[in-house]
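S.K.: Sharing a structure, written as structure tokens. Questions coming.
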Amino acid sequence: MKTVLYIVRHAEAEGNINRLFHGWTDSEITPKGHKQAEKIAQRLKDVHIDVIYSSSLKRALQTAEYIAKVKNLPIIRTDKLKEINGGDWEGECWEDLAEKWPECYNTWEYKPHEHKMPNGESMVEFQKRIIDELMYIIRNNEGKNICIVTHGTAIKAVMCHFRSCPLEEMPYIPWVDNTALSIVEYDDGKFNVIEPGDASHLDISLSTIRNQEWYDEDLRRISKKDNDNSRNMIGREEV
């Protein structure tokens, strides 16, 4: 029996615009975030949704409230959909992380399977927490259309799982924009990614990540990896 997940990243929050690490830091969405939340709610207005789950953090709940209003559904809150616990990184400027925690920042960027937040969660623990909660939700809503509002790192981590990739490949999963929509089907024990993080409901003025310098650099790095893989495949075919 097919179950469909409509996974929404929360709207722009204070940490996103101020470039602060907010994992469990409970920040609220910005004025632009409210506009983004309105847009995703309107996008889902005519989509059949049976149930809405949300991370218990404010930025996710505030986003879910817009969707809940147009769908006339309650929000089921869960701590297990929260962002990664950043430990000592909480509230720190992104630009300071590499200087203060060089080894830890290196694993965050390039070796997530080895990453452990100082006094926080490891990426392995975090991914398992999110996947376990998604499977719990699916088991309790088999055959339904489920809206899930969660966080950026959570979406990257579960996309690895959905695509049957090892956690080592997580750096090459693109970040999705705030309120981007990912559609994933689950049937007979298998996941099928239908839509990976679409934000077409946002024009450029309402986008968050498309207006930040780091995003273009991240896309170039992922594109280079894809190109390298393509060249390697061609080489193997010629042998």
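The values are calculated or read from the model by the stated rules, or taken from the named source; none is laboratory data. Quick caveat, the model's predicted, so the values are computed rather than measured. Because the Cβ atoms are built from the backbone with ideal geometry, glycine has one as well, and the counts that use them run over all protein chains shown. Note: accessible area is taken over every heavy atom of the protein model, side chains too, but ligands, DNA and RNA are not part of it. Shrake-Rupley method; radii C 1.70, N 1.55, O 1.52, S 1.80 Å.
S.K.: For Asn72 and Glu142, what is the calculated FRET efficiency with R₀ set at 22 Å and r taken between the beta-carbons, to the nearest 0.05?
M.R.: 0.45
S.K.: Looking at the chain from every direction and averaging, what is the projected area of its Cα convex hull in nm²?
M.R.: Numbers: hull surface 54.7 nm².
Result: a mean projected hull area of 13.7 nm².
S.K.: To the nearest 10 square angstrom, how much accessible area does Phe21 have with a 1.4 angstrom probe?
M.R.: Solvent-accessible area, nearest 10 Å²: 10 Å².
S.K.: Something else now. Please tell me which of these pairs span more than 18 angstrom C-alpha to C-alpha: Lys45/Lys82; Lys80/Lys156; Lys32/Lys71?
M.R.: Lys45/Lys82; Lys32/Lys71
S.K.: Under a 1.4 Å probe, what is the accessible area of region 63-178 per residue, stated in Å²?
M.R.: Numbers: 5360 Å² over 116 residues.
That works out to 46 Å² for each residue.
S.K.: Which of the aspartates and glutamates could a cross-linker bridge to Lys100, judged by Cα under 14 Å and excluding same-chain residues fewer than eight apart?
M.R.: Asp88, Glu90, Glu92
S.K.: What's the local net charge at Ser56, with K and R +1, D and E -1, over the other residues with C-beta under 14 Å away?
M.R.: 0
S.K.: To continue, here is another question. Taking all protein chains as present, what is the carbon and sulfur share of the accessible area of region 91-155, in % to the nearest whole number, probe 1.4 Å?
M.R.: Working: 1420 of 3110 Å².
Roughly 46 percent, rounded to a whole number.
S.K.: Something else: If the cut-off is 19 Å between C-alpha atoms, which aspartates and glutamates fall inside it for Lys144, apart from same-chain ones fewer than 8 positions away?
M.R.: Within the straight-line limit of under 19 Å, Lys144 reaches these aspartates and glutamates: Asp46, Asp50, Asp132, Glu133, Glu185, Asp187, Asp188, Glu195.
S.K.: Output ³J(HN,Hα) for region 197-204: one whole-Hz value per residue in order, computed from phi by the Karplus curve 6.51 cos²θ - 1.76 cosθ + 1.60 with θ = phi - 60°, and x for Gly and Pro.
M.R.: 3J(HN,Hα) across region 197-204, in whole Hz: x, 7, 10, 5, 6, 10, 7, 4.
S.K.: Taking every pair of Cα atoms in region 16-119, average 1/r, invert it to obtain the Kirkwood radius, and report Rg/Rh to two decimals.
M.R.: Reported Rg/Rh (Cα atoms, Kirkwood Rh): 1.07.
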